[in-house]
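Contents: one structure, followed by commentary.
The values are calculated or read from the model by the stated rules, or taken from the named source; none is laboratory data. The shown structure was predicted, so the numbers you read here are calculated from the model rather than taken from an experiment. Positions of Cβ are backbone-derived with ideal geometry, glycine not excepted, and every protein chain shown enters the neighbour counts. Only protein heavy atoms, including side chains, enter the accessible area calculation; ligands, DNA and RNA are left aside. Shrake-Rupley method; radii C 1.70, N 1.55, O 1.52, S 1.80 Å.
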Amino acid sequence: MAESILFLTGHLAHPRLEAVLEGMKASFAWKVLDIGVKVAALMTEEIIVRRLPEPVEADKIMLPGRCRADLDRLSERFGVPFLRGPDELKDIPGYFGRARKASDMTKYDIKIFAEIVDASALTIEAILTRAGDYVSKGANVIDLGCLPDTPFPHLEDAVQTLKAKDYKVSVDSADPQELLRGGSAGADFLLSLNEDTLHVADQVASTAVLIPKDHGDLASLYRAMDALDAKGRAYLADPVLDPINFGFMESLERYARVRRDRPNAEILLGTGNLTELTDADTTGITAVLLGIASELQIRNVLLVQVSPHTRRTVEEHDLARRIMYASRADHDLPKDYASGLLALHSRRPFPQSPEEIAESAAQVRDKNFRIEIAEDGIHIYNRNGHHIAQDVFELYPKLDIEKDGAHAFYLGVELAKAEIAWRLAKRYAQDEPLDWGVAADAPAEDRTRLKEAGHTLIAKKKQKAS
């Protein structure tokens with residue numbers, strides 16, 4: 001028999017939810033229950049416990065995404081699994097379809113080397129703080145970047161302090177003596193050696209990262225690889241990625257050639273020459289580069305985070321490697337796995353059409369304002385009217401809030417968010433922060449509890465009481 005799912009909702013969403021479920025031709029049986037609240041998001045755990053009929057005649061119960069309730073507690077109380085669905089009704093087909101395939105987004109096969117640039121100029125404490133931040137964001141190896149002709153007297157201490165924290169460490173220097181010191185102190189990797197400096201690898205246990213002796217000279221890289229192969233030593237080969245308009249395409253071809261010529265070689269790809277040296281948002285650049293790494297089976301990437309516009313590059317690389325791994329494992333396109341790299345735009349920004357919003361607005365019988373966005377602009381409505389604008393300043397004269405400072409402030413903030421979302425084609429939900437993906441930290445959220453009253457509501461209550 002087909003699995004049966006009971007969807008709990010409110011008055012306003014009931015007909016739209018049924019229409020979505022009917023249109024998706026689900027492989028499961030379903031019913032919709034109006035739990036007795038006007039807005040589905042206002043459904044609480046207490047309301048569900050009081051109003052959900054027993055015994056429950058369903059295999060599972062799905063709540064709206066913004067419902068504040070403890071799913072485990074409800075599942076135990078009713079003896080049926082409770083699920084939290086997507087925030088928007090229109091996303092339910094995707095929830096049950098392609099977007100909800102059981103891809104394990106914890107898996108990846110690319111190590112992130114995160115460089116602490118100019119480490120020689122930092123104290124041990126500063127290095128340790130930076131390393132902890134990078135590791136918490138997904139870095140697997142902390143790379144100590146040395147400065148040319150600059151002493152690094154605390155290099156050994158830095159390596160050993162990081163190793164004491166169980167961090168993998170690499171030392172990145174053009175000075176063979178500095179690399180030898182780092183390797184002797186216990187560094188796991190040394191960046192970078194060429195065929196003329198391979199003697200360093202003979203003196204330490206560190207894994208060498210090999211580069212061409214002269215830029216672009218793959219023959220010299222192959223000779224260095226052959227030398228370490230003959231000794232049974234592990235290494236990473238780095239043909240070196242060049243910036244755009246300075247040999248970028250030719251350098252990509254070098255990576256492809258190394259993979260063809262040496263199908264089993266471990267390769268490292270440095271992404272900084274693109275992310276740092278291109279004035280473009282780095283989420284897309286990172287996705288493409290990690291896609292190239294995935295296709296070429298490059299399992300190591302080196303990143304730097306110096307320019308202000310690359311301040312989230314560790315998070316971007318971490319998510320991109322997980323998306324590419326899942327995509328490759330599923331033999332599918334890298335879409336619908338995670339939306340964190342879509343920082344500026346949403347793939348489906350307007351879940352409701354203008355007509356559907358108008359239908360909802362016609363059912364409202366109270367004075368509370370609802371704000372939504374659609375292709376035609378920003379919608380705000382209550383029992384007194386439904387207004388649409390593309391410039392939110394046009395709405396102020398229509399809202400009758402001149403004498404209500406707290407409410408005016410609240411609506412100003414929400415309408416500004418709505419206009420930003422509309423202009424960028426992002427998702428907007430009233431009273432919720434805009435989702436910037438990995439470009440910004442998301443506020444902590446507890447979906448088992450209702451949000452506390454905001455400052456403007458508290459101020460309004462105080463004003464009424466006085």
Odd one out for Gln177 among (1) touching a Gly at 6+ places or on another chain (Cβ under 8 Å); (2) free of Cβ contacts under 8 Å to residues at least 12 places away in the same chain; (3) of a type in the set (S, T, N, Q): (1)
Of the criteria (1) in a loop (DSSP other than H, G, I, E, B); (2) of a type in the set (S, T, N, Q); (3) within 26 Å of Pro15 (Cα to Cα), which one Ser339 fails: (3)
Matching residues, region 297-349, being aromatic (Phe, Trp, Tyr) and at pLDDT 95 or above: Tyr325
Counted residues, region 106-127 - those being farther than 30 Å from Leu296 by Cα and open to solvent by 50 Å² or more (accessible area, probe 1.4 Å): 4
Matching residues in region 263-302 - criterion: being assigned to a loop (DSSP other than H, G, I, E, B), within 20 Å of Ser170 (Cβ to Cβ) and of a type in the set (Gly, Ala, Ser): Ala265
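If I ask for residues that are over 19 Å from Thr197 (Cα atoms) and not in a loop (DSSP other than H, G, I, E, B), which ones from region 145-183 would you list?
Leu155, Glu156, Asp157, Ala158, Val159, Gln160, Thr161, Leu162, Lys163, Ala164, Lys168, Val169
Considering Arg312, Arg348, which residue is basic (Lys, Arg) and open to solvent by less than 50 Å² (accessible area, probe 1.4 Å)?
Exactly one of Arg312, Arg348 is basic (Lys, Arg) and open to solvent by less than 50 Å² (accessible area, probe 1.4 Å), namely Arg312.
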Test set (1) in a helix (DSSP H, G or I); (2) in contact (Cβ under 8 Å) with a residue 40 or more places away in the chain; (3) among the polar types (S, T, N, Q) - Gln305 fails condition number: (1)
Check on Ala187, in contact with a Lys or Arg (Cβ under 9 Å, 6 or more places away or on another chain), not basic (Lys, Arg) and not in a helix (DSSP H, G or I): yes
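A quick yes/no check of all residues on (1) within 26 Å of Tyr337 (Cα to Cα); (2) aromatic (Phe, Trp, Tyr); (3) open to solvent by 40 Å² or more (accessible area, probe 1.4 Å):
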{"position": "Leu218", "(1), (2), (3)": "no, no, no"}
{"position": "Arg233", "(1), (2), (3)": "no, no, yes"}
{"position": "Phe246", "(1), (2), (3)": "no, yes, yes"}
{"position": "Asp281", "(1), (2), (3)": "yes, no, yes"}
{"position": "Ile292", "(1), (2), (3)": "yes, no, yes"}
{"position": "Ile298", "(1), (2), (3)": "yes, no, no"}
Every residue from region 236-246 that is of a type outside the set (D, E, K, R) and closer than 17 Å to Ser220 by Cβ: Leu236, Ala237, Pro239, Val240
Qualifying residue in region 399-414 (condition: of a type in the set (Ser, Thr, Tyr), free of Cβ contacts under 8 Å to residues at least 24 places away in the same chain, surrounded by 15 or more Cβ atoms within 10 Å (Cβ to Cβ) and not in a strand (DSSP E or B)): no
Lys163 being surrounded by 15 or more Cβ atoms within 10 Å (Cβ to Cβ), of a type in the set (D, E, K, R) and under 19 Å from Leu303 (Cα atoms): no
Verdict on Lys38 being at pLDDT below 95 and in contact with a Gly (Cβ under 6 Å, 6 or more places away or on another chain): yes
Matching residues, region 65-124, being assigned to a loop (DSSP other than H, G, I, E, B), among the polar types (S, T, N, Q) and either free of Cβ contacts under 8 Å to residues at least 60 places away in the same chain or in contact with a helix residue (DSSP H, G or I) (Cβ under 7 Å, 6 or more places away or on another chain) (or both): Ser103, Thr123
Total residues in region 179-200, condition under 16 Å from Arg233 (Cβ atoms) and hydroxyl-bearing (Ser, Thr, Tyr): 2
Count of residues meeting criterion [open to solvent by less than 20 Å² (accessible area, probe 1.4 Å) and under 25 Å from Met105 (Cβ atoms)] in region 132-149: 5
Condition met for Ala205 (open to solvent by 20 Å² or more (accessible area, probe 1.4 Å), aliphatic (A, V, I, L, M) and under 37 Å from the mean Cα position of the chain (by Cα)): yes
